[in-house]
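Read-outs: derived from the displayed coordinates by stated rules, not from any lab. Computed from a predicted model, the values in this text were never measured in an experiment. As a convention, Cβ positions derive from the backbone with ideal geometry for all residues, glycine included, and neighbour counts pool all protein chains shown.
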Amino acid sequence: MTKVRKIVFIGDASVGKTSIIHKYLKNDLPDRPTIGLEIHHVVVQDNKMVIWDLSGQSKFKEVLHPYLRGADLYVLVFDLTRKKSLENLLMWSKMLAEVASNNAKVVLVGNKKDLGKAIDDKEIREKLNELPIKVIDYIETSALTGENIEELFNKIAMYVK
């Protein structure tokens, strides 16, 4: 029997987590923000996955811990145009460190590449070095144009085989 893999998308509100997922699954963008949690089922490269899309709204942060437990891979998303979302990666990664195993797999995604980058590569590398979790990959995407969206999901599938 094939194991179903749990993939959790987390990050600040409005960084594009839901947009990335919708672009991959439906080739469109959502018309509303995620309220609490959305769950999607997908098969990528013969890997059955359940995608947990967690709201980044501050009012939901206190109740997220149980939803983070037991994931096979975490996708930590920030907005390339909002430096604050990069700075908040420390808070998100500390939350992951509290509930995830020491060998948890984390992929970092810089989204909204189509809007340009307000954050240079050096700042991103420096932030990666500050995080209390190990990031196994980094990719920049645009949910709007679809740039690197399929590549992201192929990477996810590869890491959870």
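Couple of notes before you dig in:
- Diffusion constant of the range 5-159 at 25 °C, which comes from Stokes-Einstein with the Kirkwood Cα-pair radius and 0.890 mPa s, µm²/s: 160 µm²/s
- Comparing Asn103, Asn148, Asn111 in a Gaussian network model of the chain (Cα springs below 10 Å), the most mobile by mean-square fluctuation is Asn103.
- A straight line joining the Cα centroids of the range 92-124 and the range 69-88 runs 4 Å.
- Sorted fewest first by neighbouring Cβ atoms within 10 angstrom, Thr145, Thr2 come out as Thr2, Thr145.
- Kyte-Doolittle at least 0.5, axis length at least 15 Å by Cα - qualifying DSSP helices, the chain: 89-99
- Helical content alone sets the calculated 222 nm signal of the chain at -8500 deg cm²/dmol, taking -39,500 (n - 2.57) per DSSP H segment of four or more residues and averaging over every residue.
- GNM result for the chain, Cα springs below 10 Å: residue of Leu86, Leu108, Leu37 fluctuating most strongly: Leu37
- Highest-fluctuation residue, Lys17, Lys127, Lys26 considered, GNM on the chain with Cα pairs under 10 Å: Lys26
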